[in-house]
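Derivation of every value follows stated rules applied to the coordinates shown; laboratory data play no part. What you are looking at is a predicted structure, and each value in this text was computed from that prediction instead of being measured. Neighbour counts run over all protein chains shown; Cβ positions are idealised from the backbone, glycine included.
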Amino acid sequence: MVQMAQMVCGSCRQLFSYPEGTRQDKCSCCETVNFVLEGFFLLLMSVSCV
């Protein structure tokens with residue numbers, strides 16, 4: 001079973017779900033491609049803890 005995550009579209013602010021681990025996904029409401037920043041924030045947290 002695929003784990004799902006949620007994000008808010010950067011354009012229309014609609015909340016939508018995407019498969020966890022995806023780097024980008026398209027909003028089903030306005031079709032804007034949104035980049036998932038989850039991996040970026042995890043990297044920043046690991047660097048700041050050193």
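Filtered by the rule that a residue be surrounded by fewer than 13 Cβ atoms within 10 Å (Cβ to Cβ) and in a loop (DSSP other than H, G, I, E, B), segment 12-29 gives Cys12, Arg13, Glu20, Gly21, Arg23, Ser28. Could you please find all residues in segment 1-11 being part of a loop (DSSP other than H, G, I, E, B) and either under 12 Å from Ser28 (Cα atoms) or among the β-branched types (Val, Ile, Thr) (or both)? Val2, Cys9, Ser11, listed by residue number. For first residues located in segment 23-34 and touching a residue at least 12 places away in the same chain (Cβ under 8 Å) and under 14 Å from Ala5 (Cβ atoms), partners that are in a loop (DSSP other than H, G, I, E, B) and β-branched (Val, Ile, Thr) and lie 6+ apart or on another chain with Cβ distances below 8 Å form the pairs Arg23/Val36; Gln24/Val36; Asp25/Val36.
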